[in-house]
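One structure is given below, encoded as structure tokens.
Every number in this text was worked out from the coordinates using simple rules, so none of it is lab data. Predicted, not measured: the structure shown is a model, and the values here were computed from it. No Cβ is skipped: glycine too gets one built from the backbone with ideal geometry, and neighbour counts run over all protein chains shown.
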Amino acid sequence: MKTFLTTLAAGAILCAGAPSFAAAPAAAPVQAAEAVVATPDPATVRAVQNLLQAMHYRELMQNMFSQAAAQAPSIARRNMMASIASNSRLSDEQRKEAVAKSERVIAESSAGMQALFGDPKLIDELILEIVPLYARHFSADEIDQMTAFYRTPVGAKMLASMPSIMAEMMQVSERLITPRMQTIQQQIQALIEKQ
């Protein structure tokens with residue numbers, strides 16, 4: 001049961017961050033010539049750094065990480081409780097025990113999520129990875145154009161609105177994903193009960 005609850009908690013926590021990835025289209029296969037940009041040229045490095053500053057990237061990521069960490073416990077709780085409620089093999093006493101164990105797992109997972117997303121080194125590492133990523137997909141001139149956009153009133157409004165938009169996207173994603181997750185959990189539970 002502990003492994004099952006831990007798996008459910010991890011799945012719920014991963015779902016909390018899913019919206020930021022779910023909205024991205026599948027990446028096109030990388031051509032061999034584009035596959036590796038060993039060391040981006042200095043102009044591109046400066047362009048990406050300017051873009052990230054214009055986007056207030058560090059603050060944006062801190063806000064998104066805080067939202068994900070804050071929402072993860074409620075998502076995990078809802079998914080775990082649905083799984084416990086749908087398990088017909090549990091007695092009332094076993095359900096109470098499972099709920100208590102779930103709450104402990106959620107509390108422990110929440111502390112871990114807070115520590116993970118609160119680590120300032122995580123954003124530093126992301127930024128280090130973003131420079132070559134942008135260099136693979138954009139020229140320094142294209143990056144400068146994006147930077148110019150984010151410095152316009154519309155670009156600034158987009159950046160200022162992004163945390164609220166992401167929070168709303170997380171709620172929509174949770175609303176759409178949770179019933180599907182519950183169906184999968186019920187299927188898994190049925191498979192476990194057959195064994």
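From the list N50, N63, exactly one residue is surrounded by 18 or more Cβ atoms within 10 Å (Cβ to Cβ), of a type in the set (S, T, N, Q), in contact with a helix residue (DSSP H, G or I) (Cβ under 9 Å, 6 or more places away or on another chain) and part of a helix (DSSP H, G or I). Which is it? Spell out the reasoning first.
Working: N63 fails: surrounded by 18 or more Cβ atoms within 10 Å (Cβ to Cβ).
Result of the check over N50, N63: N50.
Here is the figure for the stretch 139-187: residues that are touching a residue at least 12 places away in the same chain (Cβ under 8 Å), out of contact with any helix residue (DSSP H, G or I) (no Cβ under 7 Å at 6 or more places or on another chain) and either surrounded by 14 or more Cβ atoms within 10 Å (Cβ to Cβ) or not in a helix (DSSP H, G or I) (or both) total 1.
Residues in the stretch 54-76 that are free of Cβ contacts under 8 Å to residues at least 60 places away in the same chain and not small (G, A, S): E59, F65, P73. Restricting attention to the stretch 129-139, the residues that are over 14 Å from T39 (Cβ atoms) and hydrophobic (A, V, I, L, M, F, W, C) total 2.
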